[in-house]
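A.B. asks: Following this message is one structure expressed as C-alpha cells.
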Amino acid sequence: MSPVASAHPHVWVNYRLEFIFNAGRLTALHQRWIFDTNFSSMVLHDLVKNYRRGEPLTPQETVALRDNAFANLAHYAYFTHVWSGTHKANIGKARSFTAKVVDDALEYDFVTPLATPLDPHAQSITVGIWDDSYYVDVGPTMPVNAAVSLSGISGCRALTAKDHTHPLYFGAAFPYTVRISCS
C-alpha cells in the first residue's frame, strides 16, 4: 500500500499590518492581504460574474467577495493571533472590507478590532497571521520589516521574527510574528 500523499499549502498570501492605537492602547489591526495569482484567478472566476481583467471591481463584486469568500474567515479569527504577554486576546468581527485586483493579484483590505484594547506599556504584544492548518501560507511582504507600521503611538518598536513556538504542518514551517514593545 502506498503512503498517503498530502501537499500544503494551496493558497499563498502576503500581508501588511498597521497597528492602530487609541489613547495608548492597541485597538485594531488594519490588514492588507495580497493573494497569489492562481488563487486570485480562481476566486474571481467563481465569484465575480463577468470579471473584466484590468478593470476595477464594482461595489457589487466587492460585496460578492466579502459575503462568499471573506466572511467565512470569521470562524478562524481571520487567521489573526494576538497575545498580551501570555494571554491570548480575542478578535472582533472585521470591518471596512474592500477588495481590488492589482497585477492579477486579488487584495483584501480590512480592519480587525480587538475585543479588548491592549496596553503595550503593561506587557509586550505579539501578533501573528497564519492558518493553523497550513492550507493557506500566510506571511509578511518582503522585506519583512516593511510589512509592519505603528499608527497612533510613539516610543514603541516592532520586531518581526519567525515564531518557533507555533510550528505549522508538523514543524515544516514556522509563522512570522510581530512583537510590539514600548519603553
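Where a number appears in this text, it was derived from the coordinates with a stated rule and is not lab data. Since the structure is predicted, the reported quantities are computational estimates derived from the model, not experimental observations. Every residue, glycine as well, gets a Cβ built from its backbone with ideal geometry; the counts of neighbours run over all protein chains shown.
A.B. asks: I want the local charge near Q123. Using Cβ-Cβ distances under 14 Å, sum +1 for each Lys or Arg and -1 for each Asp or Glu among the other residues.
C.D. replies: Around Q123, the surrounding residues sum to +2.
A.B. asks: Compute, for the range 69-159, the length of the dipole vector about the Cα centre, with Cβ point charges of +1 (Lys, Arg) and -1 (Asp, Glu) only. Units Debye, rounded to 20.
C.D. replies: In total the dipole reaches around 380 debye.
A.B. asks: Using Cα pairs closer than 8 Å and at least 6 residues apart in sequence, work out the relative contact order for the chain, in percent.
C.D. replies: Computed over the chain, the figure is 28 percent.
A.B. asks: Which one of G85, N72, T141 is farthest out on the positive end of the charge dipole of the range 14-182, using unit charges on Cβ (Lys, Arg +1; Asp, Glu -1) and the Cα centre as origin?
C.D. replies: G85
A.B. asks: Which FRET efficiency value, to the nearest 0.05, is calculated for T141 and A71 with the Förster distance at 30 angstrom and r the Cβ-Cβ distance?
C.D. replies: Efficiency at R0 = 30 Å is approximately 0.80.
A.B. asks: Residue by residue through the range 178-183, what is 3J(HN,Hα) from phi via Karplus (6.51 cos²θ - 1.76 cosθ + 1.60, θ = phi - 60°)? Round to whole Hz and write x for glycine and proline.
C.D. replies: 10, 10, 9, 10, 10, 9
A.B. asks: Can you list the HN-Hα couplings for the range 148-155, worked out from phi with the Karplus curve (6.51, -1.76, 1.60; θ = phi - 60°), rounded to whole Hz and with x for Gly and Pro?
C.D. replies: 3J(HN,Hα) across the range 148-155, in whole Hz: 10, 9, 10, 10, x, 8, 10, x.
A.B. asks: Sticking with this one: Which one, H30, F97, V63, is farthest towards the positive end of the dipole of the chain when Lys and Arg carry +1 and Asp and Glu -1 on their Cβ?
C.D. replies: H30
A.B. asks: Separation between the R32 and T116 pseudo-spin-labels, each 7 Å from Cα along Cα→Cβ, expressed in nm?
C.D. replies: Distance between label points: 3.3 nm.
A.B. asks: Roughly speaking, what is the stretch gain from N50 to F170, that is 0.36 nm per residue apart minus the C-alpha to C-alpha distance, in nm to one decimal?
C.D. replies: Net length gain for the segment: 39.1 nm.
A.B. asks: Which value, in debye to the nearest 20, describes the size of the charge dipole of the chain about its Cα centre when Lys and Arg Cβ atoms bear +1, Asp and Glu Cβ atoms bear -1, and nothing else is charged?
C.D. replies: 420
A.B. asks: For a bin width of 10 Å, list the pair-distance distribution of the chain built from all Cα-Cα distances, rounded to whole %.
C.D. replies: 9, 35, 34, 17, 4, 0, 0
A.B. asks: Given points 7 Å out from each Cα along the Cα-Cβ axis, report the L159 to H87 separation in nanometres with one decimal.
C.D. replies: 2.2
A.B. asks: Aspartates and glutamates within cross-link reach of K162: Cα-Cα under 20 Å, excluding same-chain residues under 8 positions apart?
C.D. replies: E18, D131, D132, D137
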